[in-house]
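K.L.:
Below you will find the structure I want to go over with you.
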Amino acid sequence: MPSPFMNRNAAPGGRNRRRAILSGIGLLAAAALTAGCSTGGGGATGGEYAAAPKDLKAEITYGVWDQAQVEAIDANIEAFNKVYPDITVNVNVTPWASYWSKLQTQASSDTLPDLFWLNGPNFQVYAANGKIEPITGAVKAGDIDPKNYPEALNELYSLDDTQYGVPKDFDTVGVWVNTALFEQAGVALPADDWTWDDFDTAAQTISTNLKDQGVYGAAGGMDGQTTYYNTILQAGGEVINADQTESEYDSPEAQEGLQFWTDLIANGSSPSMQQLTDTPADQWFTSGKVAMYWGGSWLRPLVGESDVAATTQAFPLPTGKEQATVIHGVSNVVAAASKNKQAAQALQVFLASEEAQQQQGDLGAVIPAFTGTQQSFVDSYPTMNLQVFLDALDYAKPLPVSENTAAWNALEVELLPDAFSGDKPVADVAKDIAEQMNAALAKK
């Protein structure tokens, strides 16, 4: 389950996205994955590809975790079968609670679904152990063009300069703003080019002016993707170095990014860590008790169905030393041990197409990854200026991951609350995380 600080109720097709990031990785370990493997340690082998003939006969499985996306998936498969009528696709929906443990078992016995979903934090361990097929052949054949997808997502699903996953969808992070609370507090709405100082001033003023109503200007929390990863990047830092071998947590820039949230709580602009433990930040926002919430594009349905929908507007994240947001998304991967690899690759190629991703977007399943197919997301709530989540692609950076993301994510959950609550200096906590994270990275 996710950290008790987090509660994701995401978009159709995105409800479990953050859970995929935050709890699935806890179920997966490279050692367990490779145990009993016949093809473990493969790395960037394979990549064989030949376009499937239209009369290819096969039966394949497509492993996914989100029932809410099945309508769009079925539409995709119906369109796929117009091209490949003799390829039967069985969609296996495994609930999130058991998806990753099941996948781990299947990987160990080389019985993975022919095509299946992977997320960023879990991708590398499957790629490094030769469990998924590179898309190299399909790219060389011209059947998949990585230029059609955000560069940061291609990077997220690449290992040692080899890409394995085709981005299916994406999410970025912005600030959801309750404009009614701004008006009540007498605070002007932010400009799109606002800064950390602008954000702090608004948060403190709202908290002060609406204190008698129990309203806070903003909310911290323990969700790295929506909070401290972004401020670390905006401060010019990184969570992990470029070759994913060393932690960057003890850098001055990373500490500055963490201090942002410590200060927010310390000056009363945010509920305390205990309050955020009892009630997650997104619930503070949708109940009208927080004016500004750093949240992903996946929050659209939750906000849209809440009592604050009519007074909610989306803004870009404020800028620190630079503008940045974390980007993440699900990818489609082919099992390296698939007995029907050509059929699986045919479906992977089709799902990578503009036609398939437009279907996903039109049915409201997700924000499609294919450039130019995302307008339906923007149109879904035209008053909320959802365009900010698409504009964020210009400055998005991949979610920080490594082959053993789970190990250091657990350290974050264990140690960062002491920094954010002010119980320990940020510098001390950051140094501790860096040391333990480096030890974990050395064991991958």
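K.L.:
Kindly provide the set of residues from the range 204-250 that are open to solvent by less than 20 Å² (accessible area, probe 1.4 Å), small (Gly, Ala, Ser) and farther than 24 Å from residue 280 by Cα, ordered by number.
P.N.:
Listed by number, the residues that qualify are 235, 237, 247.
K.L.:
Now for a different question. Whether any residue in the range 341-353 is assigned to a loop (DSSP other than H, G, I, E, B), surrounded by 23 or more Cβ atoms within 10 Å (Cβ to Cβ) and touching a residue at least 24 places away in the same chain (Cβ under 8 Å) is what I want to check.
P.N.:
Looking through the range 341-353, at least one residue is assigned to a loop (DSSP other than H, G, I, E, B), surrounded by 23 or more Cβ atoms within 10 Å (Cβ to Cβ) and touching a residue at least 24 places away in the same chain (Cβ under 8 Å).
K.L.:
Any residue in the range 95-107 that is modelled with pLDDT of 95 or more and touching a Cys at 6+ places or on another chain (Cβ under 9 Å)?
P.N.:
Yes, the range 95-107 contains a residue that is modelled with pLDDT of 95 or more and touching a Cys at 6+ places or on another chain (Cβ under 9 Å).
K.L.:
Can you pull out the residues in the range 294-330 that are outside any loop (DSSP other than H, G, I, E, B), closer than 24 Å to residue 379 by Cα and open to solvent by 10 Å² or more (accessible area, probe 1.4 Å)?
P.N.:
300, 301, 302, 304, 309, 310, 311, 313, 315
K.L.:
I'm told residue 253 meets every condition in (1) acidic (Asp, Glu); (2) assigned to a helix (DSSP H, G or I); (3) closer than 25 Å to residue 378 by Cα except one. Can you identify the failing condition by its number?
P.N.:
Here residue 253 clears every test but (3).
K.L.:
So, in the range 393-428, exactly how many residues are within 21 Å of residue 234 (Cβ to Cβ), among the small types (Gly, Ala, Ser) and surrounded by fewer than 17 Cβ atoms within 10 Å (Cβ to Cβ)?
P.N.:
The qualifying residues number 1.
K.L.:
Let me ask something additional. List pairs: first in the range 417-433 and part of a helix (DSSP H, G or I), second modelled with pLDDT of 95 or more and of a type in the set (Lys, Arg), Cβ under 7 Å, 6+ apart or cross-chain?
P.N.:
Partner pairs satisfying both residue conditions: 418/424.
K.L.:
Can you say whether residue 129 is touching a Cys at 6+ places or on another chain (Cβ under 8 Å), open to solvent by less than 30 Å² (accessible area, probe 1.4 Å) and either hydrophobic (A, V, I, L, M, F, W, C) or touching a residue at least 60 places away in the same chain (Cβ under 8 Å) (or both), as far as the supplied structure shows?
P.N.:
yes
K.L.:
Collect the residues in the range 138-195 that are surrounded by fewer than 18 Cβ atoms within 10 Å (Cβ to Cβ), in contact with a Ser or Thr (Cβ under 7 Å, 6 or more places away or on another chain) and assigned to a helix (DSSP H, G or I), keeping them in residue-number order.
P.N.:
179, 180
K.L.:
For the range 56-118, which fully contained strands (runs of 3 or more DSSP E) count at least 1 residues that are without any contact (Cβ under 8 Å) to a residue 60 or more places away in the chain?
P.N.:
58-64, 87-93
The values are calculated or read from the model by the stated rules, or taken from the named source; none is laboratory data. Everything numeric here is computed off the predicted structure, so don't read it as measured data. No Cβ is skipped: glycine too gets one built from the backbone with ideal geometry, and neighbour counts run over all protein chains shown. Note: areas computed on protein heavy atoms with side chains; ligands, DNA, RNA excluded. Shrake-Rupley method; radii C 1.70, N 1.55, O 1.52, S 1.80 Å.
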